[in-house]
Amino acid sequence: MTYKQTIDYLFSSLPAYHRIGKAAYKNNLDNTLALDSYFGQPHLKYRTIHIAGTNGKGSLSHLIASVLQEAGYRTGLYTSPHLKDFRERIKVNGKMIPKREVAAFVNKNQGIIGSVNPSFFEMTAAMAFDYFAREKVDIAVIETGMGGRLDSTNIITPVISVITNIGHDHLDLLGGSMERVAVEKAGIIKKKVPVVIGETQQWIRDIFISRANQTGSDIYFADTGFTCMLKDPGAEGDNRQFVVKELEVDREISGVIPLGGDYQAKNLQTLFQVFACIRSGFNLSDSSLVEGIRKVVINTGLKGRWQVLKRKPLVICDTGHNREGLEYVIRQLGRIRAAVCIL
């Protein structure tokens, strides 16, 4: 198959949530483990960072990957969904997986695909893990899909687990209540692996603490270790200045972030907490952090985070229909006439 035929096959033939809804969601890891075994457990060949949550995990994944790149690490990045191109999901040092690699992977492995009959997400995760191993990455930043405990990415044992926050998305798939969703997301916490919780939500805080106690994992709530202030960038969404303060040692780090939305303050708090936890195992400096944040779009190709596509008329693209982000734009622009398209 050509690349186009391969993509058409992936989208039309494999069960996918965007096409058939909850019927595509698998409540076990059987297919993932079968694929992983077939490909020789590629995820064991590099270190990983695992990120779950309802909001912010995409931006945070890109920020973490950018910082690691600035520190000199060959970095894989697996995220979903994509904005325009399927290959946005799988990147190494910000470069998308080549079309020939996608086509070759599917063509070469038709037998196991037909035998296992994986979902779209299961197949994509297997492709990413295999590609990162063959590209000899030093570390891969892995974002979960909808879930956590039974997510196709949850076969890894990362150097750190991250849960940004818990929201109402996919309640029907993950248990029907915020508490059950929190339990599912907490399923990415592994034995003796530290975990960072990006946002303290009091009604589910004890769920994460209980899981961390069960696994013997150190747990950190980012918003109790760090604070972040963002300077108003003006109506056109230029780079925003940030000041992050580490509370325990009373020190501040400042720089600029090219991503809009007040919610980026929470992402930066989480980012700094993550690197505070793993710093001893990586060659990281404050300059790596500041430059990684400043160059996140350049380094990773991140799109669709209150991205200005056009000035006249002003057209802003955001892939996450986030109330805080909408309120941010309204505050910046005042009274506006706007057309809104939600995908």
Legend entry - Whole-Hz couplings from phi, Karplus 6.51/-1.76/1.60, listed for the range 101-107; x for Gly and Pro: 5, 5, 5, 5, 4, 5, 4
Inset, instruction - Quote the Stokes-Einstein diffusion coefficient, in whole µm² s⁻¹, for the range 1-128, based on the Kirkwood radius over alpha carbon pairs, a temperature of 37 °C and a viscosity of 0.692 mPa s. - result: 209 µm²/s
Legend entry - Protection-proxy order for peptides 220-226, 152-158, each taking the mean of Cβ atoms within 10 Å per residue, highest first: 152-158, 220-226
Inset, instruction - For the range 21-96, report the accessible area per residue in Å² (1.4 Å probe, heavy atoms, rounded to an integer). - result: 39 Å²
Inset, instruction - Taking amide H positions as placed in the peptide plane 1.01 Å from N, state which residues far from ALA140 in sequence (5 or more) or on other chains have amide H under 5 Å from it. - result: ARG47, THR48, ILE49, GLY76
Inset, instruction - Could you list which residues have their amide H under 5 Å from that of ILE166, counting only those 5 or more apart in sequence or on another chain, with H placed in the peptide plane? - result: THR54
Legend entry - Under-5 Å amide H pairs with PHE221, H placed in peptide plane, nonlocal only: ILE197
Inset, instruction - Rounded to whole Hz and in sequence order, give me ³J(HN,Hα) for the range 201-216 from the Karplus expression 6.51 cos²θ - 1.76 cosθ + 1.60, θ = phi - 60°, writing x for Gly and Pro. - result: 10, 4, 6, 10, 4, 5, 5, 5, 5, 4, 5, 5, 5, 4, 9, x
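The values are calculated or read from the model by the stated rules, or taken from the named source; none is laboratory data. In this text, all values refer to a predicted model and were calculated from it rather than measured experimentally. All Cβ positions, glycine included, derive from the backbone under ideal geometry; neighbour counts span all protein chains shown. In case anyone asks, the SASA skips ligands and DNA or RNA and just uses the protein heavy atoms, side chains included. Shrake-Rupley method; radii C 1.70, N 1.55, O 1.52, S 1.80 Å.
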